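Some notes on the structure that comes next.
Each reported figure results from applying straightforward, stated rules to the coordinates on display, with no laboratory input. Model, not experiment: these values are computed from the prediction. Don't worry about glycine lacking a Cβ; one is built from the backbone with ideal geometry, like all the others, and counts go over all protein chains shown.
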Amino acid sequence: MVAEIAPLFIPGGMGPPELAIILVIAVLLFGANKIPKLARSTGEAMGEFQKGREKVETELEEMREGGTVSETDSDDEEFVDTEPVTTDEETAGETGTETETETN
């Protein structure tokens, strides 16, 4: 059996000059500081999607084998909130208003 080797550059496809132009446009649109953040969040989203897909595939495989799928699997991880935690002072500083604290 002969293994096929995919060409590195597909004729008529995108080559290095086109990719460089796309990279320059991305830097102009988003700025050099935001591109790593966008790449990181995209990678995290892809990882979460992969985990979900694998979980569904294992559940389907268990169903095909005749096993039952329980609602509370022991390997389920608890939800972790990835939003940054802000305090009242930080939100007040962003809006330009001061917060008052009540003392009794």
Legend entry - FRET efficiency for Leu29 and Arg64, using Cβ-Cβ distance with R0 set to 41 Å, rounded to 0.05: 0.35
Inset, instruction - Give, in nm to one decimal, the length gained when the segment between Met14 and Arg53 is fully stretched (0.36 nm per residue of separation minus the Cα-Cα distance). - result: 11.0 nm
Legend entry - If the convex hull is drawn through the Cα atoms of region 24-64, its volume per residue in Å³: 57 Å³
